[in-house]
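Chemist: My questions all concern the structure below.
The values are calculated or read from the model by the stated rules, or taken from the named source; none is laboratory data. Every value quoted in this text rests on a predicted model; they were computed, and no experiment measured them. Glycine also receives a Cβ, built like all others from the backbone with ideal geometry; neighbour counts cover every protein chain displayed. Just the protein is used for accessible areas: all its heavy atoms, side chains included, with ligands, DNA and RNA removed. Shrake-Rupley method; radii C 1.70, N 1.55, O 1.52, S 1.80 Å.
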Amino acid sequence: FTGSTFARLLANATHFYGNVHTDAAAAGLARGQFALLTEQTAPSALAYATPVTYMTGSPIALNVPTLSGGAPTAFSVLPSLPAGLVLDSVTGVLSGTPTSPSPSTGYTFRASNSAGSSAQLVNVTVNAGPPTSLSYVTPMVGVVGSPVTSNFPSFTGGAPTSYSVLPAFPAGISVDPASGVISGTPTSAASAANHTITGSNAGGSSDS
């Protein structure tokens, strides 16, 4: 056979047979069917859910790829994923718990085997999760005419981007709406009272 003839046989091997001929057995000495044992093809039509938005501190829903064509032997992604997200190089599943915010970015996911590859651009955004366990040093005691010791907030989870207080602090004392620091100089005496400070971001809020 010529090379092209043999290629056509392999393309539909179950419909072709071969005979071995010799001078003594012109009609054929042995007959056997062609068999196509393997045929590697490149992965195709790789698809992930996109765009996706995740939140720091919360495990993401598994992003499982679908594809057609040949079975991939490896998965990869460029550039590097946001901190806390992981691509399984064997299954191609995207999983993990983001640890820091990341703006919307396109990541090229690729499924490959020895015959080639298929790629898809996935847009991933990671937003800050809500602040949790907001707290201050308490109680605070001030003296009229003397600056109070600045009281800095502590928290877990996502960083607050704004702060508010209810009811309002005594005259001369305030909470910085951006940093959450309580400071100032009392200008008049006030009885002990509870004040609720709320730290908020796009993901939610926490009270202290």
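Chemist: Restricting to the range 144-167, what's the tally of residues that are assigned to a loop (DSSP other than H, G, I, E, B), open to solvent by 70 Å² or more (accessible area, probe 1.4 Å) and modelled with pLDDT of 95 or more? First the steps, then the outcome.
Modeler: Start the filter on the range 144-167 by keeping residues that are assigned to a loop (DSSP other than H, G, I, E, B), which leaves 144-150, 152-153, 158-161, 167.
Within this subset, residues satisfying the condition of being open to solvent by 70 Å² or more (accessible area, probe 1.4 Å) are 144, 147, 149, 152, 161, 167.
With the extra rule that they be modelled with pLDDT of 95 or more, the set shrinks to 144, 147, 149, 152, 167.
So the count comes out to 5.
Chemist: Scanning the range 51-70 for residues that are part of a strand (DSSP E or B), of a type in the set (A, V, I, L, M) and open to solvent by 60 Å² or more (accessible area, probe 1.4 Å), which turns out farthest from Val93 (Cα to Cα)?
Modeler: Looking at residues that are part of a strand (DSSP E or B), of a type in the set (A, V, I, L, M) and open to solvent by 60 Å² or more (accessible area, probe 1.4 Å), I get Met55.
Chemist: Considering only the range 71-98, state which residues are open to solvent by 60 Å² or more (accessible area, probe 1.4 Å), out of contact with any Leu (no Cβ under 9 Å at 6 or more places or on another chain) and in a loop (DSSP other than H, G, I, E, B). Before the answer, list the steps.
Modeler: Filtering the range 71-98 for residues open to solvent by 60 Å² or more (accessible area, probe 1.4 Å) gives 71, 73, 78-80, 86, 88-91.
Checking which are out of contact with any Leu (no Cβ under 9 Å at 6 or more places or on another chain) leaves us with 71, 73, 78-80, 89-91.
Those that are open to solvent by 60 Å² or more (accessible area, probe 1.4 Å), out of contact with any Leu (no Cβ under 9 Å at 6 or more places or on another chain) and in a loop (DSSP other than H, G, I, E, B): Ala71, Thr73, Pro79, Ser80, Ser89, Val90, Thr91.
Chemist: Give the range 104-131 a look and list any residue that's assigned to a strand (DSSP E or B), modelled with pLDDT under 95 and open to solvent by 60 Å² or more (accessible area, probe 1.4 Å), or say none.
Modeler: Matches in the range 104-131: Asn127 only.
Chemist: Which residues, taken from the range 168-202, are open to solvent by 50 Å² or more (accessible area, probe 1.4 Å), within 24 Å of Ala128 (Cα to Cα) and β-branched (Val, Ile, Thr)?
Modeler: Thr196
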